[in-house]
1. If you stretched the chain out fully between Ser8 and Ala121, how much longer would it get, using 0.36 nm times the residue separation minus the C-alpha to C-alpha distance?
2. Over the Cα atoms of the chain, each weighted equally, I'd like the Debye log10 I(q)/I(0) at q = 0.18 Å⁻¹, rounded to two decimals.
3. With label points built 7 Å along Cα→Cβ from the Cα atoms of Ala28 and Glu158, find their separation and express it in nm.
4. Taking R0 as 30 Å, what FRET efficiency do you get between Glu129 and Ala107 from their Cβ-Cβ distance, rounded to the nearest 0.05?
5. Determine the sum of side-chain charges near Arg132: Lys and Arg each +1, Asp and Glu each -1, restricted to other residues whose C-beta is under 12 angstrom from that of Arg132.
6. Full-extension gain between Asn15 and Asn59, please, as 0.36 nm times their residue separation minus the C-alpha to C-alpha distance.
7. Looking at the chain, which longest stretch skips every one of the chymotrypsin sites (Phe, Trp or Tyr not before Pro) that is in a DSSP loop with at most 14 other Cβ atoms within 10 Å, leaving the sites themselves out?
8. The stretch 5-96: which trypsin sites (Lys or Arg not before Pro) are DSSP loop and have at most 13 other beta-carbon atoms within 10 angstrom?
Amino acid sequence: LQSHYRKSLVFSYENLDNAVIAYNKLVAKIAALYKEEQGEIDGAALEELKAKFRAAMDNDLNTSLSITALYDVLKAKAGAATKLAAIRDFEQVLMLGLIDAAAAINAAEDTEAAAKAAQKAAAAAADPEYARIEALVEARTAAKKARDFAEADRIRAELLGKGVTLIDTKEGTTYRIGDAT
């Protein structure tokens, strides 16, 4: 779809790999839209996005421009609900399975999160020290949020003394028990 049907298509495994990577990134961006606050659909913005897509398809079935219109939806200043409505509309023509693939990613992440929560609960029940470590990690997170960095550093040092290494990521703090390097 990234090239016009009247042009010769150059097949290579590299191009195929690039298409897979682009598709997966597109699906991940759409999956992230579901996690945003949905809000109301902006009818005017939706019609503007759909008009760009229709113009691309009406231009001698120019699918490469329609894919560009799809990326424009993701960059638009519209809300998540409006973007998802536009993508659902485009999907009726493109049939790429973007919505279903995004839903599958979110379902897998939810299942993984539930499994991790169950694993933590089982570990806490088996080891009372585990519950103390969890409480200290949560206390450090709260201290950082309150901008009490001295307390956060104290908790980090206490955990490090117990052989617990904290790992800060943009998703939150995780830790590793054992090797403190």
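What follows is calculated from the coordinates using simple rules that are stated; it is not laboratory data. Everything numeric in this text was worked out from a predicted model, so none of it was measured. When we count neighbours, we look across all protein chains shown, and the Cβ atoms used for this are built from the backbone with ideal geometry, even at glycine.
1. Values: separation 113, 0.36 × 113 = 40.68 nm, distance 5.72 nm.
That pair, Ser8 and Ala121, stretches by 35.0 nm at full extension.
2. Log-scaled intensity ratios, in q order: -1.12.
3. The two pseudo-label positions are separated by 3.7 nm.
4. With R0 = 30 Å, the Cβ-Cβ based efficiency is 0.35.
5. The answer is -4.
6. Values: separation 44, 0.36 × 44 = 15.84 nm, distance 2.48 nm.
Length difference between fully extended and current span is 13.4 nm.
7. Details: sites that count: Tyr5, Phe11.
With a cap of 14 other Cβ atoms within 10 Å, the longest stretch comes to 12-181.
8. Listed in order of number, the matching sites are Arg6, Lys7, Lys77.
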